[in-house]
Amino acid sequence: MDTQRVTYKIDLAVTPADLWLLRSDLHQCISRTHDQAEAARRINALLETFCGWIPAIQLSRI
């Protein structure tokens, strides 16, 4: 997935849940530039931001 496409999807996101669902796309983009470990670290760092906005059952680490 192209970075511009992910940026476009982020711009279209209306709710925190919409953003949370884009984490896989973000992981792929970051992995292409860095590596999977760095991508997982960055995505997992976002977890705290979504606490209280997303049901706890959906909050999981990569």
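General observations
- Complete set of residues in the stretch 7-23 that are surrounded by 14 or more Cβ atoms within 10 Å (Cβ to Cβ) and within 10 Å of the chain's Cα centre (by Cα): Leu19, Trp20, Leu21, Leu22, Arg23
- In the stretch 12-62, the qualifying residues are those that are touching a strand residue (DSSP E or B) at 6+ places or on another chain (Cβ under 8 Å) and in a helix (DSSP H, G or I), and the one that is nearest to Asp2 (Cα to Cα) is Trp20.
- Any hit, the stretch 45-58, residues being surrounded by 12 or more Cβ atoms within 10 Å (Cβ to Cβ) and among the charged types (D, E, K, R): no
- Among residues of the stretch 27-44, those that are among the polar types (S, T, N, Q), without any contact (Cβ under 8 Å) to a residue 24 or more places away in the chain and surrounded by 12 or more Cβ atoms within 10 Å (Cβ to Cβ), counted: 3
- Flag for Arg32 being modelled with pLDDT of 90 or more and of a type in the set (Lys, Arg): yes
The values are calculated or read from the model by the stated rules, or taken from the named source; none is laboratory data. Predicted, not measured: the structure shown is a model, and the values here were computed from it. Because the Cβ atoms are built from the backbone with ideal geometry, glycine has one as well, and the counts that use them run over all protein chains shown.
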